[in-house]
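Here the structure comes first, spelled out in structure tokens, and everything after it is commentary.
The values are calculated or read from the model by the stated rules, or taken from the named source; none is laboratory data. Just so we're clear, the structure is a prediction, and the values are computed from it rather than from any experiment. Reconstructed Cβ throughout: ideal geometry from the backbone, glycine too, with neighbour counts over all protein chains shown. For accessibility, only protein heavy atoms count, side chains too; no ligands or nucleic acids. Shrake-Rupley method; radii C 1.70, N 1.55, O 1.52, S 1.80 Å.
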There are 2 protein chains.
Amino acid sequence: MKDSLDRSAWVSAGLAALADKGLDAVRVERLAADLNVTKGSFYWHFRDRGDLLAMMVEAWRTSATTDIITRVEAKASDPADRLKTLFATVLRADGRLEMAMRDWAARDAGVGAVVAETDARRVAYVEALFASIGVPAAEAGARARFTYQALIGQFRMGVGAAEDRAREALEIILPLMSRP
Amino acid sequence: MKDSLDRSAWVSAGLAALADKGLDAVRVERLAADLNVTKGSFYWHFRDRGDLLAMMVEAWRTSATTDIITRVEAKASDPADRLKTLFATVLRADGRLEMAMRDWAARDAGVGAVVAETDARRVAYVEALFASIGVPAAEAGARARFTYQALIGQFRMGVGAAEDRAREALEIILPLMSRP
DNA sequence: CCGCGTCAATACGGCAGCGTATGGAGGACA
DNA sequence: TGTCCTCCATACGCTGCCGTATTGACGCGG
């Protein structure tokens, strides 16, 4: 008997499949094969596929709300450095899970609400950073939202090498968005 | 006997299902039901589902490459007005098909190549507009790409009412991105 | 040793969806 | 009328996937 799995192993496997191939690839029997067990194990841990999906959303919510902000805060202390770190981190991240969640959110109102809440927190954080570096109050929100949209949008872009996009965003766009 | 369908009716139905519910919803029997026929008709017109999918990509490529540019060009004549029209048009568009194509592109290299080509043309158009209004050559490309990313990204955003986002982008962001 | 709880394997039946084969309907033309 | 072509309906068999039921394996404690 191998080491036994717990629920979190299944949730991780589900999120990996989601990120890699989309929601349609999150299949009970496929995940079981990925984990080298059979679906008996799955049904011991979960009522049905919907149960797993709900737990996946919750797991994503927990990590997504605080992950990027915590990392940026840990790495830099003044707002300008934090903005730079935020850009650098997002622009070099693998956005597949992020975008798979958004694809899912577009089709499921419950998931949509979770993503909206996450977006609101992140945008508020960016806005506060912009305000801290002297961007006028009348513009900080708009710039934060536009910036956030661009950072999300670049995960689904078919032009430009990722490294080039990161460099130009740091050298050209961030200074532009930061103007007082 | 009802009026007979041709291939394009099937392709349109496929694109509608894709936009509305994602690639997984593009199903032969479901499309047949949507069109009030049975799958016998489908298999007269197409070899298999893959045949339909390929034609859908081609149809999207044809329309996506020229659609937005043609509309903007028809509606406005000077570059500043064209930029404004571009923003206004995209920000008020239903981006579901656009994003469904991107979701698909993320998982299929062939589709990814089509989307990349489309993106390149659109970004080049935006860049040319920026250059025409006096944005420095060293910055026009970066600004065009970032702007394009943000316009794409806003289709998958969970914050802000669409109309508010459009207004603030037109009044605050476009002027900022247009600075010489 | 036995009982219990945790965890997992397997068999089963049902459904969605696919592609193939076959026959039907309608229209145009000789 | 018969033939041909275009288009479509239906039946069929197969596969993937789901959830349920049943049994087995293992570890722990009394």
Next item on the list: Quickly rank A:40-51, B:85-96 as a protection proxy: mean count of other C-beta atoms within 10 Å, highest first.
Entry: B:85-96, A:40-51
Next item on the list: Find which of A:Ala113, A:Phe87, A:Val72 sits farthest along the positive direction of the dipole of the stretch A:7-178, computed with +1 on the beta-carbon of Lys and Arg, -1 on that of Asp and Glu, about the Cα centre.
Entry: A:Ala113
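Just the accessible area per residue of chain B, please: how many Å² with a 1.4 Å probe?
On the way: 8390 Å² over 180 residues.
Spelled out: the 1.4 Å probe surface of chain B, per residue, equals 47 Å².
Which value, in debye to the nearest 20, describes the size of the charge dipole of the stretch B:7-178 about its Cα centre when Lys and Arg Cβ atoms bear +1, Asp and Glu Cβ atoms bear -1, and nothing else is charged? Display every interim value, and only then the final one.
Values: 23 positive and 23 negative charges, 50 e Å.
Value, rounded to 20: 240 debye.
Return the average number of partner chain Cβ atoms within 10 angstrom of each residue Cβ along peptide B:138-148.
Numbers: counts 1, 6, 1, 4, 10, 4, 1, 12, 15, 5, 6.
Other-chain Cβ atoms within 10 Å of each residue's Cβ, averaged: 6.
So what is the calculated 222 nm ellipticity per residue for the protein assembly as shown, using -39500 (n - 2.57) for each DSSP H run with n of 4 or more, over all residues, to the nearest 500 deg cm²/dmol? Please report the intermediate quantities before stating the final value.
Details: 20 runs with 264 residues, N = 360.
Calculated from helices alone, the mean residue ellipticity at 222 nm is -23500 deg cm²/dmol.
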Notebook entry, point to check: What angle do you read, to the nearest 10 degrees and between 0 and 90, between the alpha-carbon axis of helix B:49-75 and the longest principal axis of chain B?
Noted result: 30
Margin query: Suppose every Lys and Arg Cβ carries +1 and every Asp and Glu Cβ carries -1, with no other charges. What dipole size does the stretch A:69-145 come out with about its Cα centre, to the nearest 20 debye?
Written below: 160
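Given the convex hull of the Cα atoms of the protein assembly as shown, what is a quarter of its surface area in nm²?
Numbers: hull surface 83.7 nm².
Its Cα hull, projected and averaged over all orientations, spans 20.9 nm².
Work through the residues other than A:Val26 whose Cβ is under 14 Å from its Cβ and net out their charges, Lys, Arg +1 and Asp, Glu -1.
-1
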Note to self: Using the crude model of +1 on Lys and Arg Cβ and -1 on Asp and Glu Cβ, and no other charge, please compute the dipole size for the stretch B:1-107 relative to its Cα centre, in debye to 20.
What the structure shows: 140
Notebook entry, point to check: Relative to the longest principal axis of chain B, what angle (0 to 90°, nearest 10) does the C-alpha long axis of helix B:79-91 take?
Noted result: 40
